[in-house]
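S.K.: First the structure, then my questions, so here it is.
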Amino acid sequence: MAVSAQLLVEELQIFGLECEEAVIEKLVELCILYGQNEEGMASELIAFCTSTRKDCLSLETLNSFEHEFLSKRLSKTRHGASKDKVHGGHAGARDIVSIQELATPPQKYSSRSNRGEVVTSFGSAQGVSWSGRGGASHLSLKVLGHPEPLTGSYKCMFQKLPDIREVLTCKIEELGSELKEHYKIEAFAPILVPAQEPVTLLGQIGCDSNGKLNHKSVILEGDLEHSSGAQIPVDLSELKEYSLFPGQVVVMEGINTTGRKLVATRLYEGVPLPFHQPDEEDGDSEQFMVLVACGPYTTSDSITFDPLLDLITIINRDRPDVCILSCLLTSSFEDVFKQCLRTIIEGTRSSGSHLIFVPSLRDVHHEPVYPQPPFSCSDLLREDKKRVQLVSEPCTLSINGVIFGLTSTDLLFHMGAEEISSSSGTSDRFSRILKHILTQRSYYPLYPPQEDVAIDYENFRLYAQLPVTPDVFIAPSELRYFVKGVENKSVSIMLK
């Protein structure tokens, strides 16, 4: 559904309310996340403000509105929907609103009026040339792994529940060890052992029901070494600030007098990996241009590939040093995919630009498993092999020592639908989620995953972890585009 900020403003003005731009942007985001139109969202917000006697419409008010009303209503809707299902499902599946219902339909491509418009920027861009040197520049391109990158297909989905449990347990132990060393924690306590003094517990966040996580349904599943995987409900009433999602590895401090409930008093902040330190093999530190494009490269109202042809025109005009083509290339047959691939490679040959292709779980001709192997293209000409690189989903790429974290999975939307938070001040949802990705050191830290993401956990442990903190993290999404700094100098870009 399409959401209009102007209509939201008009609906609120009926009740005599004037809002800042940041409040309207947050309302648009809530409309998309919870599937509400402008009139319905305005009516429910006014009713909430009246019943809670809130006089002003601020970001803090919207956070309360989301946590106390919207998330609870959505949880009830999902719970009701799960009862109506005739077929069984995975116990951890999440019946969240489908992307198809949340996606904003594209404008008529040929009649759009904002072609080439700069919609957002980051930092100072004065004097920067938006043209590269194509194949003339010396670039060092390397795919980083943890420890090795994924380079080919593998047998998938032959996994047993104990094997999945082992991967999750290892993740808890590894992150717990890092947090213990960083915060100089003496020892972790067992979860179910009563204690009159404050205790420090290690575990993974979970939900005590099949609905959406909320502040009353949080449980902590302990690690194997100290707690044998036992679970305990968590009372968050004493925590002033928190941001939690299912699958998050945390260290909590609190009171556990009965061994049946933890009253959390402190949540230790996660620790990201260090940044990559460039060496001589990383090449020159001179300026280079990277162009990133996100598919699909066709529109929903046409079978032509006009956006793809326009992209090729831009590549030939600006001659970027590197082009990263992320997400859905085609949702049709394999021969159509090969034709699209050939069109891009041959059409940009004169530019000399390096082409990086990242696959998508929505590419119907490709293996729908996460992590996803690179595309296979055995008929590349010799002149193209030097400038075309097929990488996995997700992928960590080094370009002259600058580290790019690449994914085509809409993890921001998936995690945004499951995350709960509380903050004493203004809090940005996207920054919180991106920070979680860096501190959890994983390209997809959500567990259970969104039902459309089929994860092979044995290979997930090998190929979907961050080897270092990326300098630039690129994540396509159905949500609003942005570019911002996260965790000191790491820059995150979300494409729409």
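S.K.: Using the structure shown, select from 155/435; 385/484; 212/240; 171/212; 216/240; 240/435 the pairs with a Cα to Cα distance greater than 25 angstrom.
M.R.: Among 155/435; 385/484; 212/240; 171/212; 216/240; 240/435, the Cα-Cα distance tops 25 Å for 155/435; 385/484.
S.K.: How big is the dipole moment of the stretch 184-229 about its Cα centre under a simple scheme where the beta carbon of each Lys and Arg is +1, that of each Asp and Glu is -1, and everything else is neutral? Debye, nearest 20, please.
M.R.: 240
S.K.: What is the Cα radius of gyration of the stretch 371-440 over 2.2 N^0.38 Å, N being its residue count?
M.R.: So the stretch 371-440 has a normalised radius of gyration of 1.59.
S.K.: Along the Cα→Cβ direction, 7 angstrom out, place labels at residue 402 and residue 231. What is the inter-label distance in nm?
M.R.: About 4.5 nm separates the two model spin labels.
S.K.: For a bin width of 5 Å, list the pair-distance distribution of the stretch 1-68 built from all Cα-Cα distances, rounded to whole %.
M.R.: Percent of Cα pairs in each bin: 3, 18, 34, 30, 13, 1, 0.
S.K.: Another question about this same structure. When the Kirkwood radius is taken over all Cα pairs of the chain, what Stokes-Einstein diffusion coefficient follows at 10 °C and 1.306 mPa s, in µm²/s?
M.R.: 65
S.K.: Using per-residue counts of other Cβ atoms within 10 Å, averaged over each peptide, order 333-339, 416-422 from highest down.
M.R.: Descending mean neighbour count gives 416-422, 333-339.
S.K.: Bin by bin, in steps of 5 Å, what percent of the Cα pairs in the stretch 252-326 do you find, going until the bin that has the longest distance?
M.R.: Calculated P(r), rounded to whole percents: 3, 10, 12, 10, 9, 7, 7, 7, 8, 8, 8, 6, 3, 1.
S.K.: Long-range amide H contacts for residue 473: which residues qualify at under 5 Å (H placed 1.01 Å from N, peptide plane, sequence gap of 5 or more or a different chain)?
M.R.: Here 405, 491, 492, 493 satisfy the definition.
S.K.: Let me ask something additional. Rank by packing, highest mean first: peptides 429-440, 222-233, with packing defined as the count of other Cβ atoms within 10 Å averaged across residues.
M.R.: Final packing ranking: 429-440, 222-233.
S.K.: Under the definition of Cα pairs under 8 Å and six or more residues apart, what whole-number percent is the relative contact order of the chain?
M.R.: Relative contact order for the chain comes out at 17 percent.
S.K.: Would you report the distance distribution of C-alpha pairs in the stretch 155-255 as whole percents per 5 angstrom bin, up to the bin with the largest distance?
M.R.: Percent of Cα pairs in each bin: 2, 12, 22, 24, 21, 11, 5, 2, 1, 0, 0.
S.K.: Now a separate question. Return the ratio Rg/(2.2 N^0.38 Å) for the stretch 328-406, where Rg is computed over Cα atoms only.
M.R.: Against the empirical 2.2 N^0.38 Å value, I get 1.12 for the stretch 328-406.
S.K.: So, one more: Restricted to Cα positions, what overall size does the stretch 159-198 have along the principal axes? Three whole-Å values, descending.
M.R.: 41, 26, 8
S.K.: Roughly speaking, what % of Cα-Cα pairs in the stretch 173-224 are separated by over 18 Å, rounded to a whole number?
M.R.: Value for the stretch 173-224 (Cα pairs over 18 Å): 43 percent.
S.K.: Here is a follow-up. Out of all Cα-Cα pairs in the stretch 208-260, roughly what percent, to the nearest whole number, are more than 15 Å apart?
M.R.: Of all Cα-Cα pairs in the stretch 208-260, 50 percent lie more than 15 Å apart.
S.K.: Please state, rounded to one decimal and in Å, the Kirkwood hydrodynamic radius that the stretch 402-474 gives when every pair of distinct Cα atoms enters the mean of 1/r.
M.R.: 13.3
S.K.: Along the principal axes of its C-alpha atoms, what lengths does the stretch 310-456 span, in descending order and rounded to whole Å?
M.R.: Answer, in whole Å and largest first: 56, 31, 27 Å.
S.K.: Within 10 Å, count the other beta carbons around each residue, average over each peptide in 110-119, 310-319, 206-215, 9-18, and list them highest first.
M.R.: Final packing ranking: 206-215, 310-319, 9-18, 110-119.
S.K.: Amide H of residue 370 versus every other amide H placed in the peptide plane: which residues, excluding those fewer than 5 positions away on the same chain, fall under 5 Å?
M.R.: When sequence neighbours closer than 5 places are left aside, the close amide H contacts are 454, 455, 456.
S.K.: In the P(r) worked out for the stretch 229-379, what percent of Cα pairs fall beyond 22 Å?
M.R.: Pairs farther apart than 22 Å: 62 percent.
Laboratory data are not the source of any read-out in this text; all were calculated from the coordinates shown. None of the values given here were measured: they were computed from a predicted structure. A quick note on method: Cβ atoms are made from the backbone with ideal geometry, for glycine too, and the neighbour counts reach across all protein chains shown.
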